[in-house]
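Asker: First the structure, which I've put down as structure tokens, then a few questions once you've had a look.
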Amino acid sequence: MNAPALSPIVLLFAAVFTSNILLSNFLGMCSFISISGNIKSSNGLGIAVILVMTISSAINWFIDRFIMLPLGLGFLSFIVFIMVIAATVQILEMVIERISPALYMALGIFLPLITVNCAILGVVLFIQIRHYTFLQALLFGFGSGVGWWLAILALAAIRAKVDKSPVPSGLKGPGITLITIGLMAMAFLGFSGMLAVQ
Amino acid sequence: MKMSPEDKRASEAMAPGGISREGFFGTDNRPLPDIVQADEEEMRRRGLDFEDVAEMLRRLIKEGGRGFESPVTVDGKWSVTVEEARGLVPCPYRDGCYPKSRVVIVRLDNGLRLLTTDLAVHLCAVHHFLQGRGSPFRMEPELLSQLFA
Amino acid sequence: MPLVIVATLVVSSMSAVLALVIVLVDLVVNNYGEVKIDVNDGAKTLTVKGGSSLLSTLGGEGIFIPSSCGGRATCGVCKVRVASDVGPHLPTELPFMSGAEIKDNIRLSCQIKVKADIKIVIPEELFAIQRHRARVAEIVDLTYDTKLIRFSLLEPAEMKFTSGQFAQIVVPPYERVREETVRAYSFASTPARPNEVEFIVRLVPGGTATTYLHKHLAVGQELAVVGPMGEFRLHDNEAAMICIAGGSGMAPIKSILFDMRERGIGKPAVWYFFGAVSKRDLYLVDLFRELEASWPSFHFVPALSAPLPDDHWDGETGLVTTVTKKYMDEKMDKSAPKEAYLCGSPGMIDASVALLKSEGIPEDKIYYDKFS
């Protein structure tokens, strides 16, 4: 039950590249595929994911460590974590609207979409089962968000190019996108021996 | 597949009672992205380009507008009647406003008829949306190819 | 304590805490308190509850900024100048703004929220705009697709408008239409009867508002009418007057001409060219023939662009612009100063402006109410 002896900085890079939440765990696929058609939206959604992932990693770490673990309620973590994520998104939406209308206009429509993004819940659960320390959890959450953002931007850029290429008509749209994601995942697999996350 | 927020917002605006009373989908209950994708494939199969079709329609509407609601014959091939009502109608994708027009294009030699609007032409050109089946403003790719062949 | 109770307690108290946090944050973040709106440098100061859009806040205070989309950032009509800092332009505003407007801090009032004290500058006329409760007094079929609707104003009971202006009719939600629909129509009546207003409404196939006004509206029913608005009006000078209208563009011209008669305003000559497709699109011909009989300098020229054989039309045939040109060349005094009043579709206005300019009428003497 001890935290892995990993420097949080190493963990940050591992989360971004070697165990990219999207391309090595295939989490958060639905919004990944549906939004990546447009680079601007992808960027907005990516930044929103970074924000929510970092904040909910931190909050859920405290809840797990000081409420769930002592009471032996590990089996409830799915329900509790998703509740916390939903509430975080709600509050974040209200606060952003108040302090920065321009940022709200850019992110606002994406924030509710993130509540049900499984990558967020995935990251929170990884943090729980790998027994990360708080600093590790924070940087892992942030790093996973950055990794997700990088991956969706890369895919959006590739799709912009693919759209202009002669793709067999049966593969147009989601078909070629899934194949592209598969190839990207294989490329990221090359990083996998370099660093470990647990 | 989940719809992007833009598509979702556009779909809501296109529903009956949104921007127009009848909506843009007619009797078609496929999601918006599916309609667009199916029509993109159909247009490609027929060798039609959305922008070219829209350019042609824009020219016909411009010529037809000279008749102030009475039919104008363009290039000896089409009869075009343009009616305009007061006001502008917004694009459901929120990228502009268009005159509330109602354009009837009839090809004189085969009698084929297309009902369209300035907004419908914009939707075709920029968003590749030809409207749902059963909508009075549906631009069936087959009809387009025969209308302009 | 059994685990099941602990678990239930933890989940429910956690939900309660989260809900409480959201409510508290909402109270703090979304409470803007009392906010002052300074209109036209102190001409009017409003104290309002903050948090809503400027457009709806002003509407609640009885100042109606013209808007045709109802706050959805799609029409770009509800522009106001904001003299205090309310942050940079939003992405939803930018498509409607020119560089000069951005520099002037012209904003879409439906997009900016009233969060702190704010200073705005609006045209003086907007103060006169009121929302009237109105009862439908009469509906007359003018043609197969055009109706004249007369409203008696109830509260406030009078509208001080000038001929040529327009008002907005507020159509309530009906059938599958879930929101109020607001549409602008020119007055067809004259200011001499400020307690009654008339509009000419042509059915737009599939149109939300016109379908309601044509198919659902009944005499005795109450609706809201917001006005007056618009700058189309009679100009006081000694020029000969040429009016060109088509379709429901009849309304403001009718209002202006009858207003002139009622107030005894004369012009050296008044020509009214009304364009329609065939005889079934013509209306109020008898009314203008009567006016012609009692007003020697007034001439009414209806023109049909495509009369049907059954029409037995012996009047002018051709596009209204072609007919106007013919009359200007053959019947009017070439050297006399002239001015023009136009109302109709954009296509008709553009063609008319081009014609009138080529006939030597300066552009600033051509007044029009484009359908937009």
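Asker: Suppose we filter the range B:1-42 for residues that are touching a residue at least 60 places away in the same chain (Cβ under 8 Å), part of a helix (DSSP H, G or I) and touching an Asp or Glu at 6+ places or on another chain (Cβ under 7 Å); how many remain?
Answerer: Result for the range B:1-42: 2.
Asker: Let me ask another. Among B:53, B:121, B:82, B:104, which is the only one that is in contact (Cβ under 8 Å) with a residue 24 or more places away in the chain and either surrounded by fewer than 18 Cβ atoms within 10 Å (Cβ to Cβ) or within 14 Å of chain C (Cβ to nearest Cβ) (or both)?
Answerer: Testing whether each residue is in contact (Cβ under 8 Å) with a residue 24 or more places away in the chain and either surrounded by fewer than 18 Cβ atoms within 10 Å (Cβ to Cβ) or within 14 Å of chain C (Cβ to nearest Cβ) (or both) leaves just B:104.
Asker: Could you check residue C:266 against (1) surrounded by fewer than 22 Cβ atoms within 10 Å (Cβ to Cβ); (2) within 26 Å of the chain's Cα centre (by Cα); (3) modelled with pLDDT under 90 and say which number it fails?
Answerer: (2)
Asker: Looking only at the range B:57-70, filter to residues that are surrounded by fewer than 18 Cβ atoms within 10 Å (Cβ to Cβ) and in contact with a strand residue (DSSP E or B) (Cβ under 7 Å, 6 or more places away or on another chain); which one of those is farthest from residue B:144 (Cα to Cα)? Write out each step before concluding.
Answerer: Taking the range B:57-70 and keeping what is surrounded by fewer than 18 Cβ atoms within 10 Å (Cβ to Cβ), we get B:58-59, B:62-63, B:66.
Adding the requirement that they be in contact with a strand residue (DSSP E or B) (Cβ under 7 Å, 6 or more places away or on another chain) leaves B:63, B:66.
Numbers: B:63: 18, B:66: 23 Å.
So the residue we want is B:66.
Asker: Return the residues of the range C:160-186 that are out of contact with any Gly (no Cβ under 8 Å at 6 or more places or on another chain), within 14 Å of chain B (Cβ to nearest Cβ) and in contact (Cβ under 8 Å) with a residue 60 or more places away in the chain; say none if nothing qualifies.
Answerer: C:185
Asker: So, one more: With the requirement that a residue be touching a Lys or Arg at 6+ places or on another chain (Cβ under 7 Å) and part of a loop (DSSP other than H, G, I, E, B), what does the range C:90-108 give you?
Answerer: Matches in the range C:90-108: C:93, C:104, C:105.
Asker: Residue B:141 fails exactly one of the following numbered conditions: (1) touching a Pro at 6+ places or on another chain (Cβ under 9 Å); (2) at negative phi. What is the number of that condition?
Answerer: (1)
Yes/no per residue for (1) among the acidic types (Asp, Glu); (2) in contact with a His (Cβ under 9 Å, 6 or more places away or on another chain); (3) surrounded by fewer than 22 Cβ atoms within 10 Å (Cβ to Cβ):
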| site | (1), (2), (3) |
| --- | --- |
| C:138 | yes, no, yes |
| C:142 | no, no, yes |
| C:145 | yes, yes, yes |
| C:148 | no, no, yes |
| C:152 | no, no, yes |
| C:156 | no, yes, yes |
| C:159 | no, yes, no |
| C:162 | no, no, yes |
| C:168 | no, no, no |
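Asker: Just wondering, is there one or more residues in the range B:61-71 that are assigned to a loop (DSSP other than H, G, I, E, B), within 14 Å of chain C (Cβ to nearest Cβ) and over 30 Å from residue C:182 (Cβ atoms)?
Answerer: Scanning the range B:61-71 turns up at least one residue that is assigned to a loop (DSSP other than H, G, I, E, B), within 14 Å of chain C (Cβ to nearest Cβ) and over 30 Å from residue C:182 (Cβ atoms).
Asker: If residue C:141 satisfies all but one of (1) within 18 Å of the chain's Cα centre (by Cα); (2) away from chain B (no Cβ under 14 Å), what's the number of the condition it fails?
Answerer: (1)
Asker: Moving on to the next point. For the range C:208-229, indicate whether the set of residues that are free of Cβ contacts under 8 Å to residues at least 60 places away in the same chain and away from every other protein chain (no Cβ under 14 Å) is non-empty.
Answerer: At the first step, the residues of the range C:208-229 found to be free of Cβ contacts under 8 Å to residues at least 60 places away in the same chain are C:208-212, C:215-216.
From what's left, away from every other protein chain (no Cβ under 14 Å): none.
Checked against the condition, which is being free of Cβ contacts under 8 Å to residues at least 60 places away in the same chain and away from every other protein chain (no Cβ under 14 Å), the range C:208-229 yields no hits at all.
Asker: Shifting gears a bit: Given the criterion of a type in the set (Val, Ile, Thr) and either under 28 Å from residue C:91 (Cα atoms) or in contact (Cβ under 8 Å) with a residue 12 or more places away in the chain (or both), identify the matching residue among C:4, C:11, C:28, C:21. If you could, list the steps in order and put the result at the bottom.
Answerer: Values: C:4 fails: either under 28 Å from residue C:91 (Cα atoms) or in contact (Cβ under 8 Å) with a residue 12 or more places away in the chain (or both); C:11 fails: either under 28 Å from residue C:91 (Cα atoms) or in contact (Cβ under 8 Å) with a residue 12 or more places away in the chain (or both); C:21 fails: either under 28 Å from residue C:91 (Cα atoms) or in contact (Cβ under 8 Å) with a residue 12 or more places away in the chain (or both).
Only one candidate qualifies: C:28.
Asker: Looking only at helices (runs of 4 or more DSSP H) that lie completely in the range C:250-361, which have at least 2 residues being free of Cβ contacts under 8 Å to residues at least 60 places away in the same chain and within 14 Å of another protein chain (Cβ to nearest Cβ)?
Answerer: Details: elements: C:250-263, C:285-294, C:320-330, C:346-358.
The qualifying helices (runs of 4 or more DSSP H) are C:320-330, C:346-358.
Asker: Filter the range C:194-207 for residues that are surrounded by fewer than 21 Cβ atoms within 10 Å (Cβ to Cβ) and either in contact (Cβ under 8 Å) with a residue 60 or more places away in the chain or not assigned by TED's automatic domain parsing to the domain that holds residue C:162 (or both) and give the result.
Answerer: Within the range C:194-207, none qualify.
Asker: Please verify whether residue A:15 is under 11 Å from the mean Cα position of the chain (by Cα) and closer than 24 Å to residue A:183 by Cα, treating the condition exactly as stated.
Answerer: For residue A:15, the condition - under 11 Å from the mean Cα position of the chain (by Cα) and closer than 24 Å to residue A:183 by Cα - is met.
Asker: Filter the range C:185-201 down to the residues that are farther than 14 Å from residue C:251 by Cβ and in a strand (DSSP E or B) and list them by number.
Answerer: C:196
Asker: Of the residues in the range C:1-44, how many are facing chain A (nearest Cβ under 8 Å), of a type outside the set (A, V, I, L, M, F, W, C) and more than 21 Å from residue C:113 (Cβ to Cβ)?
Answerer: So the count comes out to 1.
The values are calculated or read from the model by the stated rules, or taken from the named source; none is laboratory data. Everything numeric here is computed off the predicted structure, so don't read it as measured data. Here the Cβ is made from the backbone with ideal geometry for all residues, glycine too, and neighbour counts use every protein chain on show.
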